[in-house]
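Every number in this text was worked out from the coordinates using simple rules, so none of it is lab data. Predicted, not measured: the structure shown is a model, and the values here were computed from it. Backbone-built Cβ (ideal geometry, glycine too); neighbour counts: all protein chains shown.
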Amino acid sequence: MYSSARIFFSRSALLAKALGATPEEEHRKGIHVLAKQIEGQVGLLFTDTEPQEVIEWFADFSQPDYARAGNVASKTVILPAGPVMRRHSDPPEPFPHNEDPQLRKLGLTTTMNRGVPTLTVSHKLCEKGKVLTAEQAQLLKLIGERMVTFKVGLIARWDAATGQVTQVDGRRLSQVASVSADADELMSE
C-alpha cells in the first residue's frame, strides 16, 4: 500500500536536528514546528499518500506483541507442573535442554527430566493488573505469550505545499491507559 513511503526511527534529538529545530535551521518551511514535537519513542513517516487514507490505515492497524518490563499484565499466567512448554508452536513443544540455565536465571525452579526442563510445582509467572519485571517479560516472550497490542499513534502531519503542521490526535499512546505501544509522528509531503 505504501510503496512510496519511508519511515525513519532514530534518537529524538537526531530526528529533530535533521528537520531543523528553529526557523533558521529548518530545511523546509514550517517543519521546525514538527521538530519541536519529537520526544520519546517516535518516528517519521514520509509519504505522498492522502493524509486521511494514512490516518485511517493507522487507526485500523494493531498487532499482538510481547509485553516489556514496566507493562501491566493483562492476565494471570500460571505455568503448570511438568515440562515447560513453548505456547507459540502448534502443538506446544517443550523447551530444549540447553535453555534450562536461562529459564533458571529468569526465576523458574526447573529440574531436568529426560533432557527436558520440568517444573515440579506450578509457577505463577505474573498476576493480572501487576507491573511486569524484566524477568517476567522475558519469560512471557520465551513461552510465546503476547499480552499487549502494538499500535502506532499519529500525532501531527506536515504539509509540504503550505508548510503547515496539523495536529492529528494530540494524544500519545502512552497517555491512553488501555494501550501500551510506541507513538509515531506522521509527515505528509
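Could you tell me how many degrees, from 0 to 90 and to the nearest 10, lie between the Cα long axis of helix 51-60 and the main elongation axis, the longest principal axis, of the Cα atoms of the chain? Value to nearest ten degrees: 10. Here the 3J(HN,Hα) profile of the stretch 10-27, calculated from phi with Karplus coefficients 6.51, -1.76 and 1.60 at θ = phi - 60°, is 6, 5, 4, 4, 5, 4, 5, 5, 5, 7, x, 7, 10, x, 6, 8, 4, 8 Hz, Gly and Pro shown as x.
Here the stretch 77-145 is treated with +1 on each Lys and Arg Cβ and -1 on each Asp and Glu Cβ, and its dipole about the Cα centre works out to around 160 debye. Think of the stretch 77-145 as having a plus end and a minus end, set by charges on the Cβ of Lys, Arg, Asp and Glu; of ILE143, PRO80, ASN98, PRO80 sits farthest toward the positive end of this dipole.
Could you tell me whether the chain comes out rounded, prolate or oblate from its Cα gyration tensor? Rule is a ≥ b ≥ c as square roots of the eigenvalues, rounded for a/c under 1.5, then prolate if a/b exceeds b/c, otherwise oblate. Numbers along the way, then the final one.
On the way: a/c = 3.02, a/b = 2.84, b/c = 1.06.
It is prolate, given that a/c is not under 1.5 and a/b is the larger ratio.
3J(HN,Hα) along the stretch 124-132, derived from phi through the Karplus expression 6.51 cos²θ - 1.76 cosθ + 1.60 where θ = phi - 60°, amounts to 7, 6, 7, 10, 3, x, 9, 6, 7 Hz, with x in place of Gly and Pro.
Amide H to amide H, with H built 1.01 Å from N, PHE150 comes under 5 Å of GLN63, ASP65, counting only residues 5 or more places away or on other chains. Here the spin labels are modelled as points 7 Å beyond Cα on the Cα-Cβ line, and at ARG104 and TRP57 they lie 5.0 nm apart. Proximity of backbone amide H atoms, modeled 1.01 Å from N, is registered between LEU125 and VAL77, ILE78, LEU79 at under 5 Å, excluding neighbours fewer than 5 places apart on the same chain. Sequence-ordered 3J(HN,Hα) estimates for the stretch 73-85 from the Karplus curve with 6.51, -1.76 and 1.60 and θ = phi - 60° stand at 5, 8, 7, 7, 10, 10, 8, x, 4, x, x, 6, 9 Hz, glycine and proline given as x. Using the alpha-carbon atoms, what tilt in degrees (0 to 90, nearest 10) does helix 134-143 show relative to the longest principal axis of the chain? Once rounded, one gets 70 degrees. When the listed pairs LYS29/LYS151; LYS105/LYS151; LYS75/LYS141 are checked against a 22 Å cut-off, the alpha-carbon distance exceeds it for LYS29/LYS151; LYS105/LYS151.
Amide H contacts for ALA156 (H built 1.01 Å from N in the peptide plane; partners 5 or more residues away or on another chain; cut-off under 5 Å): VAL168, LEU186.
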